Structures are given as C-alpha cells and as structure tokens.
Amino acid sequence: MNLFKKFFSSSHENDQDTAISKTTVLDVAGLDETFVHNFIDKGGKFLYCSNQEEINEHLSNILKENNWENVVCFDNDLKKILTIVDSDNTSTINKQYPFFTYCEHLLSDEGSVLFSSNQVHYHKIVDLPDYFIVFAKTSQMVKDKSEGLMGIRQTYEKNFPTNISSIKSYVPEKVDDDFLSFGNNNAKNLYLLLLEDL
C-alpha cells in the first residue's frame, strides 16, 4: 500500500466533491486517506516516508528550513535520529525550539494526533513548544478517539499512561470560537513524518 500515491491520486479526482461530509469521507475512503485529508485540511504539514532514510532526510530538511539548531526531545530513540541528522537536543522545554516526539495514535475522523504521558510526560500540550515534529507509523491510525483509547488500553495493560490529550488544530493563530474548547486550545504548528509500515 502506497499511502502517498493513493491519497494524492484520489485527491485530484475528487476536487469537485469538496462538500462531502467527514462521515461520508471516512466510509468511502480508508483510514489513511481520511486522516491525511482531515490533517491537511486543518493546516498540518504531512511528509510521507517509505523508509528510515526518508525520515532522516525530511527531518534534516525541516530543521534547515526553519533554522533550528536545537530540538526539544524526551525520547532516547529519537535522540539517536537527531544525532544522525546533526542536530543538538535538549530535554528542557524551550519555546524557540521544536518538540520532536512520537505519538500514541492518529485519529482518522478528526485528523488529530493523540498523545499520552509516554510522549509529553507531565507537561500540558499548551506548555510545550509551538512547533511539533511527530514521528508516526501508518499502523497507528485508528478510526476515532474511542478506538485510540482502546488501543492505549491494549498496549499498556499494566502501566496505563496518564495525561492523554490530542492536538486537533495545526494553525495556532486561528482562534477557536467554540466555548467548549475555552482554555483548552492545543493548537500547534505540526509536521508529521509518517512512516509506511503496513
């Protein structure tokens, strides 16, 4: 399955069908196509990768484009990747640097990214840097929040993580008028490095 080709070939064919509801899109398309459509629609920056070399190359390009010489990172495996691409890293939050992290799941119906304390530790999303670079795999895509939480329960049967939250908007400058979201704006500029693993 080549997600990138599937998504972009179908997007050109369906340019006239922009009024289709998210539910209909989810029913007709696969989880992957629906996620990418919703993610890009919300301002996310999506980079498809078929292997680790492409991950490294895209990451290096993102850092160069933005003149980032340092990266906030909590995960030791990701720190190894940063070493490969010649980037310094720190575990101390600094809003001037991007946050490089894994995630729990990609929620197809919302185009959002689900995190837990395994990635963000005890920090609230709002307190982390304004730019996120997320390394995820296509196998982490699920239909919705319910499936995401069920997946977390199955993965961490004994040590269930806390601090579960998601990023739903990738344009922090855009103010959300929904009163239910007041004080809980997790909008971040987000690059998604999506590795094909299915």
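Scanning region 129-150 for residues that are within 22 Å of Asn61 (Cβ to Cβ) and out of contact with any Pro (no Cβ under 9 Å at 6 or more places or on another chain) returns Val134, Phe135, Ala136, Lys137, Thr138.
Given Ile167, Ile152, which one is buried (at least 19 other Cβ atoms within 10 Å of the Cβ) and either within 22 Å of Leu47 (Cβ to Cβ) or modelled with pLDDT of 90 or more (or both)? So that I can check it myself, show each step before the final result.
Values: Ile152 fails: buried (at least 19 other Cβ atoms within 10 Å of the Cβ).
Only one candidate passes the filter, namely Ile167.
Please list, ordered by residue number, the strands (runs of 3 or more DSSP E) wholly in region 77-130 having 3 or more residues that are open to solvent by 10 Å² or more (accessible area, probe 1.4 Å).
Numbers: elements: 88-90, 99-101, 105-107, 112-115.
It comes to 88-90.
A single member of Phe132, Phe115 is at negative phi, free of Cβ contacts under 8 Å to residues at least 60 places away in the same chain and out of contact with any Asp or Glu (no Cβ under 9 Å at 6 or more places or on another chain), and it is Phe132. Of the residues screened, Phe132 is one that is in contact with a Lys or Arg (Cβ under 7 Å, 6 or more places away or on another chain) and under 24 Å from Ser50 (Cα atoms).
The values are calculated or read from the model by the stated rules, or taken from the named source; none is laboratory data. Every value quoted in this text rests on a predicted model; they were computed, and no experiment measured them. FYI the Cβ positions are ideal-geometry reconstructions off the backbone, even for glycines, and counts take in every protein chain you see. With ligands, DNA and RNA removed, areas are computed over all heavy atoms of the protein, side chains included. Shrake-Rupley method; radii C 1.70, N 1.55, O 1.52, S 1.80 Å.
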